[in-house]
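Scroll down for the structure; my scribbles are underneath it.
The values are calculated or read from the model by the stated rules, or taken from the named source; none is laboratory data. Remember, it's a predicted structure, so these values are computed and weren't measured experimentally. Cβ placement follows ideal geometry from the backbone for every residue including glycine, while neighbour counts extend to all protein chains displayed. Heavy atoms of the whole protein, side chains included, go into the accessibility calculation; ligands, DNA and RNA do not. Shrake-Rupley method; radii C 1.70, N 1.55, O 1.52, S 1.80 Å.
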Amino acid sequence: MSILQNLEGHPTTTSDDTSGKVRNLAVAGLLVAATWAGIAAWWMPRGPMTTSQAIWSIAISLIVGAVAGVLLRSRWAIVLTPAVFAVVFEVLRIGLDGPMVDGIHASMYGIIALVTGRGFHAVLALLPLAFGSAVGMGLVAGPTSRWSSLIMRTGVAIAALAVLVVSVGLLRPATTAPIVGPDGRQLTGSVAELTGVDIGTHQAKLMIRGHSTDNPVLLFLAGGPGGSEYGAMRRHLAELERHFTVVTWDQRGAGTAYSELDPTGTVSPEGAVSDTIAVTEYLRDRFGQQTIYLLGQSWGSTLGVLAVQQRPDLYAAFIGTGQMVSQSATDRIFYRDTLAWAQRTGNDELASELLASGPPPYEDMLRYEAALSHEQDVYPYDHSANSEGSGQMSENLLVEEYALIDQIHVLGAFMDTFAALYPQLQEIDFRRTATDFSVPVFFVQGAHEADGRALPFNEWYPMIDAPIKDRVVLETSGHRPLWEQPDAFVDYMVNTVLGRTSTMG
């Protein structure tokens with residue numbers, strides 16, 4: 001007797017007509033789940049990436065689960081319906097690239113990808129499917145034993161509570177607080193908003209904040225590729241908003257713009273530069289300013305140099321912090337120093353992994369984990385002296401500027417975007433291609449910057465020829481000095497950058 005014939009709570013029958021009808025209903029129930037999986041794989045192949053997609057995923061999964069439960073009329077629906085969905089969904093998205101959709105890897109990056117990718121999608125789709133199936137089956141099932149009924153009802157109640165809690169969390173919108181004066185009222189002429197701007201085929205997601213829209217505009221480019229820094233900019237650099245209209249941009253595929261990543265085949269350095277110029281043009285038009293200031297951190301400093309080299313007429317100055325010069329040179333130094341540290345400290349497993357991989361570059365993003373994820377062990381310094389601790393970006397996720405879906409996906413978005421773009425950066429070396437600038441350039445570096453970045457920068461800086469060239473080294477900082485020593489950074493931006501460029505024609 002098959003599983004589909006053994007209907008819980010119903011007497012079995014030998015009637016061919018009855019068993020055939022039961023079988024057809026069961027197949028129909030599973031087809032409903034498979035159809036929903038096909039739609040989901042087409043609509044949101046990386047799983048729900050926006051709040052609306054997440055809410056729809058829960059709602060549709062509940063309905064599909066209930067229909068499948070009614071049709072199957074068996075407790076097996078609670079298992080089979082989510083299982084069919086998962087299998088069909090995974091098969092249909094095989095062509096996607098990125099750690100969040102690739103196979104499961106036994107590493108820290110792999111665990112993050114599993115939990116925030118498949119794990120979170122299971123909460124938004126598989127759990128509602130199971131809950132809906134239980135409800136649908138309960139509507140048509142016959143009497144069951146007392147204990148069996150109690151266990152079933154308890155499980156359904158727990159699932160219902162989980163779905164409700166997640167749904168309420170998802171419905172919290174992302175917001176940014178208004179800028180207020182001493183009287184607690186919104187400051188006249190200020191701006192504080194989260195917005196999306198169409199630039200070509202996708203949207204640029206921006207946080208714009210400033211005490212006066214008459215102030216100079218400062219566009220911030222985050223690191224990564226794929227990093228999102230809404231939280232860091234708000235938590236540590238609110239004082240900067242008194243002097244600039246500060247625009248924090250989540251680049252394509254990063255943070256709140258994760259849904260803009262696909263198709264990854266169109267992601268390129270050239271596209272990132274074009275996006276930067278498009279955002280710049282929007283800001284110039286909106287705020288009526290001929291030029292704006294461009295601030296880049298880490299990968300953002302690479303992107304910033306490329307942008308000001310291509311369109312110097314758009315920018316009043318470029319400010320690089322945690323400045324990158326050559327991605328490939330940086331990675332080779334990190335590899336060399338991490339291997340030496342592993343051998344020196346007796347970390348034989350890490351040393352063996354590094355030797356087996358060989359030095360970068362790598363095609364697979366996850367292979368960078370061994371060479372790049374031990375920075376704070378290889379180049380240690382006292383983070384407690386700074387505003388931002390060793391947790392860095394992860395410390396800044398629980399802010400109102402991110403909706404729950406963004407908080408869940410920030411790290412996964414970083415990995416998928418990094419995987420798509422980083423292999424294309426290996427030929428960049430500013431020591432060969434970017435020594436002459438038509439705009440003033442300023443650099444804010446950390447005294448404890450890792451050798452992998454500091455050594456190429458120290459070679460490059462003397463080669464630069466620019467209308468104004470200046471650098472400052474913040475004594476207790478590492479790779480993120482603008483947030484590690486924000487007071488010193490703001491002071492430099494106001495007194496040096498603005499002070500030396502505001503009178504230029």
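Against the test of being out of contact with any helix residue (DSSP H, G or I) (no Cβ under 6 Å at 6 or more places or on another chain), open to solvent by 10 Å² or more (accessible area, probe 1.4 Å), touching a residue at least 60 places away in the same chain (Cβ under 8 Å) and not in a loop (DSSP other than H, G, I, E, B), the options L194, L161 yield a single qualifying residue, L194. Checked against the criteria, E375 does not count as open to solvent by less than 50 Å² (accessible area, probe 1.4 Å), modelled with pLDDT under 90 and in contact with a Phe, Trp or Tyr (Cβ under 8 Å, 6 or more places away or on another chain). If we scan the stretch 80-98, do we find a residue that is among the aliphatic types (A, V, I, L, M), open to solvent by 60 Å² or more (accessible area, probe 1.4 Å), at pLDDT below 90 and not in a helix (DSSP H, G or I)? For the stretch 80-98, residues among the aliphatic types (A, V, I, L, M), open to solvent by 60 Å² or more (accessible area, probe 1.4 Å), at pLDDT below 90 and not in a helix (DSSP H, G or I): absent. When each of V473, V444, V490, V497 is tested for being in contact (Cβ under 8 Å) with a residue 40 or more places away in the chain and either touching a Gly at 6+ places or on another chain (Cβ under 6 Å) or outside any helix (DSSP H, G or I) (or both), the lone residue that passes is V444.
The set of residues from the stretch 224-251 being assigned to a loop (DSSP other than H, G, I, E, B), within 20 Å of Q407 (Cα to Cα) and open to solvent by 10 Å² or more (accessible area, probe 1.4 Å) comprises G224, Q251. Y461: more than 26 Å from the chain's Cα centre (by Cα) and open to solvent by 20 Å² or more (accessible area, probe 1.4 Å), yes or no? Spelling it out, Y461 is indeed more than 26 Å from the chain's Cα centre (by Cα) and open to solvent by 20 Å² or more (accessible area, probe 1.4 Å). For the stretch 67-77, the criterion of being open to solvent by 10 Å² or more (accessible area, probe 1.4 Å), free of Cβ contacts under 8 Å to residues at least 60 places away in the same chain and not in a helix (DSSP H, G or I) is met by no residue.
Checking the structure you have, find out if any residue of the stretch 483-490 is buried (at least 17 other Cβ atoms within 10 Å of the Cβ), more than 21 Å from V217 (Cα to Cα) and of a type outside the set (D, E, K, R). So far as the stretch 483-490 goes, yes, one or more of its residues are buried (at least 17 other Cβ atoms within 10 Å of the Cβ), more than 21 Å from V217 (Cα to Cα) and of a type outside the set (D, E, K, R). Of the set (1) open to solvent by less than 10 Å² (accessible area, probe 1.4 Å); (2) under 22 Å from D416 (Cβ atoms); (3) free of Cβ contacts under 8 Å to residues at least 60 places away in the same chain, all apply to E260 but (1).
Note on the stretch 378-413: residues that are within 27 Å of F120 (Cβ to Cβ), over 12 Å from the mean Cα position of the chain (by Cα) and either of a type in the set (A, V, I, L, M, F, W, C) or open to solvent by less than 40 Å² (accessible area, probe 1.4 Å) (or both) total 9. Scan the stretch 115-122 and tell me whether some residue there is surrounded by 16 or more Cβ atoms within 10 Å (Cβ to Cβ), outside any loop (DSSP other than H, G, I, E, B) and among the basic types (K, R). Yes, because at least one residue in the stretch 115-122 is surrounded by 16 or more Cβ atoms within 10 Å (Cβ to Cβ), outside any loop (DSSP other than H, G, I, E, B) and among the basic types (K, R).
Of R344, R336, which residue is over 24 Å from T302 (Cβ atoms), free of Cβ contacts under 8 Å to residues at least 40 places away in the same chain, among the charged types (D, E, K, R) and surrounded by fewer than 20 Cβ atoms within 10 Å (Cβ to Cβ)?
So the residue among R344, R336 that is over 24 Å from T302 (Cβ atoms), free of Cβ contacts under 8 Å to residues at least 40 places away in the same chain, among the charged types (D, E, K, R) and surrounded by fewer than 20 Cβ atoms within 10 Å (Cβ to Cβ) is R344.
Can you tell me which residue within the stretch 174-190, out of those that are of a type in the set (A, V, I, L, M, F, W, C) and closer than 17 Å to H243 by Cβ, is farthest from the chain's Cα centre (by Cα)? Among those residues, the one meeting the criterion is L187. Looking across the stretch 379-420, the residues that are in a loop (DSSP other than H, G, I, E, B), free of Cβ contacts under 8 Å to residues at least 60 places away in the same chain and out of contact with any helix residue (DSSP H, G or I) (no Cβ under 7 Å at 6 or more places or on another chain) come down to P380, G391.
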